[in-house]
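Inspection log for the structure reproduced underneath, given as structure tokens.
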Amino acid sequence: MAHVLVKNLSANAFGQFVNLANTVFLVPLYLATWGVELYGEWLVLVALPAYFLATADGGFMPVAANEMSIKMAQDRRDEVLRIYHSTWLFISALSILVVLAIAGAMVALGADTIFRFSKIQNDEAENILFCLLLMFVIYLQQGMTQTGLRTVGHYAQGVMVYNLTAFTETVCIAAALFLGARPLTIALLSLAARFVALASNVLLLRQKAAWLKQGVRHARWSEIRRLFVPAVAFLGIPAGNAAIIQGVIIVLHQALGPVAVALYTTTRTLTRMIVQSVGLLAVSSWPEMSRYFGAGRMDVLRLMFTHGTQLSAIAAAGFGLLVILAGPFIMVIWTGGRIEPDHMLIAALTAAAMMVAMRAFPETILLATNNHIRYSAYYVSICLGVTAACYPVAKNFGLFGAGILIALGDAVLMAISFRAVTVLLGLGAMPWREILTSRPPLGWLLGKKLLD
């Protein structure tokens, strides 16, 4: 099965290339054509729907994907279809309710009350928000088709189709910015791209597995009840991520203003490149982790944990040193000198990113095996606590204080994830000796020996 992991890794690597293109090419374009203040206001608008709709699937989609993979490996298609229909109906209804609630609040309160923007007019802000809300609902529908493709062994193809659409979106946005497009035009382009991605994956799923498609015929409330506890627990992960990523942006906007948001977001993007790189291998291994756990192959999971953590540590240490030394120079070149780098903020957010990279494999193992209930409770509590504390800390100690606070929160989460996985796999203190002493070649991790 080594070829499966390689295909998954290749598809996700192309996705990272698309994200890098967004970062390297679009951020300077945004700054050059819009200016720092308008770009900061756009980031706040994007963050708001992302914060709420990151949890709009109720946690059911990833939990159902794990269950469907296990059932498919046992050739129990009737149960796979029952889980798929039940989950699709549930998250569709839930996401629509969330969108209606946010849109209703926007209409009732008005954009001027919520945002107090100076560069984006109230009517434009409301239209942008409606586009973004619809875009995230479509994204959830696309996620369900990706769940189906993963179940029937075509995870990589579904990811590649989505990434090709995202790359086209990046090119179109760059052209629109060159032509002087306002934020509303960019939001409409992103919405159109989500439509294309959804349609493409629906067609691909019908081609690969015509029996597995959206519908309500096989939906059962009993399936929702059965998946409820792990799904709600899973909700803590995207809720925590939304708080620590989008939520912090909103808090810093209120505490320090849009210019500080632009500096913080740009610095965080630079330092978190290591998170995306290390997470690439862990996420690509997710479908196989679910399958091996269902087959009782704990030995394979132990190897993935030990050697994946070794690779994470090596990559994080090398990248961290590079960013701390060269990060300020990179930021000046990257932003064309429009954003002045903060050396202390770079150091703090680099430390935070290294902690996140180190917990990539243990966290993925917990999620892929649906053994995440207790960890998720810790996760969301710490992320929400850090986000709330960012306001007084930023007010008193500036962006550097907020960066230190985030790094401390990530260090605690890293320690918790390691402890949870060692208990799950029955490793005790043994993995630490292996992590520190054994050899961690990538070829061995993906090679035949691991997968036999």
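Bear in mind that the values in this text are calculations on the coordinates, not laboratory data. On a predicted model such as this, the values are computed, not experimentally measured, just so you know. Here the Cβ positions follow ideal geometry from the backbone for every residue, glycine too, while neighbour counts run over all protein chains shown.
A straight chain from residue 419 to residue 207 at 0.36 nm per residue would run longer than the Cα-Cα distance by 72.0 nm. Net charge of the neighbourhood of residue 217, taken over other residues with C-beta under 15 Å away and scored Lys/Arg +1, Asp/Glu -1, is +1. The length gained on full extension between residue 259 and residue 6, counted as 0.36 nm times the residue separation minus their Cα-Cα distance, comes to 86.9 nm. Note on the chain: helix-only mean residue ellipticity at 222 nm, from DSSP H runs of 4+ residues weighted -39500 (n - 2.57) and normalised by residue number, equals -28000 deg cm²/dmol. Maximal additional length on extending the residue 412-residue 32 stretch stands at 133.0 nm, based on 0.36 nm per residue less the C-alpha distance.
Per residue, the average separation of C-alpha pairs within less than 8 Å and at least 6 apart gives region 1-227 a relative contact order of 33 percent. Working from the Cα coordinates of region 120-230, the gyration tensor eigenvalues give, after taking √(5λ), semi-axes of 32, 19, 10 Å in decreasing order. Dipole orientation for the chain: of the candidates 314, 384, 167, 314 has the Cα lying most toward the positive pole (charges on Cβ; Lys, Arg +1; Asp, Glu -1).
Treating r as the C-beta distance of residue 377 and residue 79 and R0 as 25 Å, the FRET efficiency rounds to 0.30.
Residue order for 390, 383, 172, 131, fewest other beta carbons within 10 angstrom first, comes to 172, 131, 383, 390. For region 323-367 versus region 26-96, the spacing of their alpha-carbon centroids is 25 Å.
Rounded to the nearest 20 debye, the dipole magnitude of the chain is 1240 debye, with +1 charges on Lys and Arg beta carbons, -1 on Asp and Glu beta carbons, and the Cα centre as origin.
A simple count of charges around residue 35, restricted to other residues whose Cβ falls under 9 Å of its Cβ and scoring Lys, Arg +1 and Asp, Glu -1, yields +1.
Remark: 168, 145 ranked as 168, 145, counting other beta-carbon atoms within 10 Å and listing the fewest first. Lysine pair count for the chain (Cα-Cα distance under 24 Å; residues 8 or more apart in sequence or on different chains): 8. Matching the structure-derived Rg and Dmax of the Cα atoms in Å against the labelled list [x] 20.4, 64; [y] 32.6, 140; [z] 21.7, 61 gives the label [z].
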